Number of protein chains: 2
Amino acid sequence: MPEEKLSPEKQAEGFSIAREKQAVALMEDYVELIAELTDELGEARVADIAERMGVAQPTATKAIARLKREGLATSRPYRGVFLTAEGAQMAKFVYERHRTLVGVLMKIGVSKEAAEIDAEGIEHFVSDEMLAAFKKFLSDT
Amino acid sequence: MPEEKLSPEKQAEGFSIAREKQAVALMEDYVELIAELTDELGEARVADIAERMGVAQPTATKAIARLKREGLATSRPYRGVFLTAEGAQMAKFVYERHRTLVGVLMKIGVSKEAAEIDAEGIEHFVSDEMLAAFKKFLSDT
DNA sequence: TATATTTTATAGCACAGGCTATAATAAGAA
DNA sequence: TTCTTATTATAGCCTGTGCTATAAAATATA
C-alpha cells in the first residue's frame, strides 16, 4: 500500500510550516521554563533560566529580549523575568500539550523518562488535529 | 499526580539533545527528498530539490554543499545529486521511521493527511526507545 | 559605608539557513 | 555550429542562536 505522493506544492508547504514552527519552538521552551521557575522559586532569574536551558547566560538574556519584543514577557534591568498575560496563556497551553504527549507516549510503552525528553522535542510540531486525537485517545483508554 | 521534576542538569541535557537533533533534521529532510526524487525521476536535480523543499535554489545548493561536506551525497558541477551509501542508509532509516509514525498516528485517530504532515515535523526528534515502542504498538495491534 | 561578590548586560565573533541578484555553464533550437 | 534558454554556482546580505570576554549594576559582607 504505497502512500500516494503529495504534490510538490503541498510538500513544500509542509516543510515551510515545519520551518515556521521551529521559529516559535524556542520561544515556547523559554516561556514554559519561566512559568516553571516562577512556580517553583517565586521568580525567574536569568541565571536560572540559562542553567535549565543549558545555554550560556548571554544566550538566555538575548532570548528574553526577544520574548519581550514579542510581548510574551517583561523585565527590568537586573530583575527577574515575568510573563505577560499572553505569555502565561502560552505557557499553560504548552504545559498541557506536554502532559498530553507524555501521557500518550507512556500509554504506548515509552518509559516516563524517555517520554519526557521525547515530548520536549516533538511537542512544538504537533498540529491541533493530532493534539485533539491524542487527548481523545487518553480519555478513551 | 504531579510529575516529579527533572534536575536542572537533566532538563538542560534534554534541551541540548533537542538542539542537536534540530541540526540534523534538515539534512535528513534533504536526504529523504533526494532519495524520493531519484526514485521518481531517475535523478535529483537542484531545481527540483529546491521546489519541493519550498526554498530558493541557492538555498538548496548550499544545503547540498553541506551534505557533500558530511559525506552524505555527491555531485559534480551542473549535474544531479546522488546519495552516498551512508546517505542512502539514512534515507532508508528516515523513510521507515516516517512510515512508522504515520501508522501510529493514524491508529490513534489522526487523518492520513494530517498524520503525514505531523510526522514530517516530529520525526526528527524521536528517540530510539520511542521508535521501538511505536513499532511494537503497530505490530501488536 | 566601603568593599567584595554575584548577577545581569553588552560587545563582538561564528555558523547555519534563508533571501535576491548576477555570473557561468550546459542543453536545446535555429 | 552558433545562439538562445534553462539550469546551477557564486556573491553578498539578513536574521537567529550559540559562544567568550568584559563591563556594569545590584546584593551581600566586612
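The values are calculated or read from the model by the stated rules, or taken from the named source; none is laboratory data. Not measured: the values here are computed from a predicted model. Cβ atoms come from the backbone with ideal geometry, glycine included; neighbour counts cover every protein chain shown. Just the protein is used for accessible areas: all its heavy atoms, side chains included, with ligands, DNA and RNA removed. Shrake-Rupley method; radii C 1.70, N 1.55, O 1.52, S 1.80 Å.
Scanning the stretch A:24-42 for residues that are surrounded by fewer than 17 Cβ atoms within 10 Å (Cβ to Cβ) and within 15 Å of residue B:11 (Cβ to Cβ) returns A:39, A:40, A:41. The helices (runs of 4 or more DSSP H) located wholly in the stretch A:1-92 that include 3 or more residues which are touching a residue at least 40 places away in the same chain (Cβ under 8 Å) occupy A:8-41.
Look through the stretch B:67-101, keep the residues that are of a type outside the set (A, V, I, L, M) and touching a Leu at 6+ places or on another chain (Cβ under 7 Å), and return whichever of them is surrounded by the fewest Cβ atoms within 10 Å (Cβ to Cβ). Among those that are of a type outside the set (A, V, I, L, M) and touching a Leu at 6+ places or on another chain (Cβ under 7 Å), it is B:86. Taken together, A:121, A:103 contain a single residue that is under 17 Å from the mean Cα position of the chain (by Cα), part of a helix (DSSP H, G or I) and within 7 Å of chain B (Cβ to nearest Cβ), which is A:121. With respect to (1) open to solvent by 70 Å² or more (accessible area, probe 1.4 Å); (2) among the charged types (D, E, K, R); (3) in contact with a helix residue (DSSP H, G or I) (Cβ under 8 Å, 6 or more places away or on another chain), the lone exception for residue A:19 is condition (3). Looking across A:49, A:64, one residue alone is in contact with a Phe, Trp or Tyr (Cβ under 8 Å, 6 or more places away or on another chain), away from chain B (no Cβ under 14 Å) and among the β-branched types (Val, Ile, Thr). It is A:64. Selection of the stretch B:15-74 for residues being polar (S, T, N, Q) and near DNA strand C (Cβ under 9 Å from one of its atoms) yields B:22, B:57, B:59, B:61. Of note, residue B:118 satisfies the criterion of being in contact with a Leu (Cβ under 7 Å, 6 or more places away or on another chain) and surrounded by 17 or more Cβ atoms within 10 Å (Cβ to Cβ).
Determine which member of the set B:106, B:53, B:130, B:90 is away from DNA strand D (no atom under 13 Å from the Cβ) and farther than 23 Å from residue A:111 by Cα. Criteria check complete, one pass: B:90. Applying the set (1) facing chain B (nearest Cβ under 10 Å); (2) surrounded by fewer than 15 Cβ atoms within 10 Å (Cβ to Cβ) to residue A:56 leaves exactly one unmet item: (1). Just one of (1) in contact (Cβ under 8 Å) with a residue 24 or more places away in the chain; (2) surrounded by fewer than 19 Cβ atoms within 10 Å (Cβ to Cβ); (3) in contact with a Gly (Cβ under 7 Å, 6 or more places away or on another chain) fails for residue A:135. It is (3).
Scan the stretch B:6-13 and tell me whether some residue there is open to solvent by less than 50 Å² (accessible area, probe 1.4 Å), within 13 Å of chain A (Cβ to nearest Cβ), in contact with a Gly (Cβ under 8 Å, 6 or more places away or on another chain) and not basic (Lys, Arg). Yes: one or more hits.
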